[in-house]
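Heads up, the thing below is written out as structure tokens.
The values are calculated or read from the model by the stated rules, or taken from the named source; none is laboratory data. Everything numeric in this text was worked out from a predicted model, so none of it was measured. Virtual Cβ from ideal backbone geometry, glycine too; neighbours counted across all protein chains shown.
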Amino acid sequence: MAGAVVAMSLVALPGCGSSNSDADAAKDTMKSFLAALATGDGKKACSLADAAGRQRLVAAGRGRATCEDVIKLIASRLPPKVKEGLENADVKKVTVKGNTATIKDSDIKSSKGDASAFLTGGRPTKLVKEGGKWKLSGTGG
């Protein structure tokens, strides 16, 4: 389950506010990543990570699986309540500073299911703005 640990570290990697549109866009990226992870949509989830994030996922598969396949494997091992929680996750707060955004696990809530079993309260998730789009970053926070 090393892939799950890496996915959690992407959701737990690294704010004073930029524009609301940047904060909203970063929130949307995070919510989309969690939903894609829950459903095993590797293509979508990997498209929402930067190159370092995708590389961390590939490394978690010990180089024997693509980023997409690692996401599918993680999803296949998630309990139904966790999947439901990730699919219904809502990001309550994001801190944006320039082209970097951070989201704490404690600022992600779910209206259904139990995402807390996946969101372990580690380091904040780091997102970076690339080409005008927010991506989950595989760099340390």
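Answer yes or no as to whether Pro124 is at negative phi, out of contact with any His (no Cβ under 6 Å at 6 or more places or on another chain) and modelled with pLDDT of 95 or more. It is false that Pro124 is at negative phi, out of contact with any His (no Cβ under 6 Å at 6 or more places or on another chain) and modelled with pLDDT of 95 or more.
Yes/no per residue for (1) touching a Phe, Trp or Tyr at 6+ places or on another chain (Cβ under 9 Å); (2) not basic (Lys, Arg):
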{"position": "Ala59", "(1), (2)": "no, yes"}
{"position": "Glu68", "(1), (2)": "no, yes"}
{"position": "Leu78", "(1), (2)": "yes, yes"}
{"position": "Val82", "(1), (2)": "yes, yes"}
{"position": "Ala101", "(1), (2)": "yes, yes"}
{"position": "Lys109", "(1), (2)": "no, no"}
{"position": "Lys129", "(1), (2)": "no, no"}
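The residue that is nearest to Asn99 (Cα to Cα), among those in the stretch 59-81 that are crowded, with 21+ Cβ neighbours inside 10 Å and among the β-branched types (Val, Ile, Thr), is Ile71.
Residues are listed down the side, and each one gets a yes or a no for (1) under 18 Å from Asp50 (Cβ atoms); (2) of a type outside the set (Lys, Arg); (3) over 14 Å from the mean Cα position of the chain (by Cα):
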residue: Gly85; (1), (2), (3): no, yes, no
residue: Lys92; (1), (2), (3): no, no, yes
residue: Lys97; (1), (2), (3): yes, no, yes
residue: Ala101; (1), (2), (3): yes, yes, no
residue: Asp107; (1), (2), (3): no, yes, no
residue: Leu119; (1), (2), (3): no, yes, no
residue: Arg123; (1), (2), (3): yes, no, no
residue: Leu136; (1), (2), (3): yes, yes, no
